[in-house]
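Worksheet: one structure, shown below.
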Amino acid sequence: MAARRSPKKIAILLVEADVLVRFAIGEHLRACSVTVIEAVNGDDAKAILLAGPEVDVLMSDTQLAGEGSGFVLAQWVRRHRPSIEAVLTGSLARQSAGGSGVRCASSRLQTHL
């Protein structure tokens, strides 16, 4: 009988400036057995991704502190790490996604959680 493989643990890069929101979402995802890497803004997220950790999903607020937005970050990820799915959150996510080439939901994330 073949040995059973344990399912791969999904890794999410969570980008959120508000520490309380980031903490709450991060703790919930960890409770769902997700590996969570946290970033405060787009520049931090890019630096983390350039360092090369395995990330399956980018989860970012649409409104980020500093330069850029979640949409700009998601487009950067599409160019530099195309295997990573992007999930954008916030009140502007669905309204602003039109024409940006960024989808509003990830069926892959929903399947794994």
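What to note about this one:
- The H on the amide N of Thr89, modeled in the peptide plane, is under 5 Å from the matching H of Ser60, Asp61, Thr62, each at least 5 residues off or on a different chain.
- Close amide-amide hydrogen proximity is noted between Ile10 and Thr35, each under 5 Å apart and 5 or more residues distant or on a separate chain (H modeled in the peptide plane; Pro and chain starts excluded).
- Taking other C-beta atoms within 10 angstrom as a stand-in for reagent exposure, Thr35, Thr62, Thr89 fall in the order Thr35, Thr89, Thr62, fewest first.
- Difference of contour (0.36 nm per residue) and Cα-Cα distance, Ser83 to Asp18: 20.7 nm
- Descending by average beta-carbon neighbour count within 10 Å, the peptides 63-71, 17-25 line up as 63-71, 17-25, the highest first.
- Over all other residues within a Cβ to Cβ distance under 11 Å of Ile25, the charged ones net out to -3, with Lys and Arg as +1 and Asp and Glu as -1.
Values quoted throughout were computed directly from the atomic coordinates according to the rules given, and no laboratory measurement underlies them. What you see is a predicted model, and the numbers here were worked out from it, not measured in a lab. Here the Cβ is made from the backbone with ideal geometry for all residues, glycine too, and neighbour counts use every protein chain on show.
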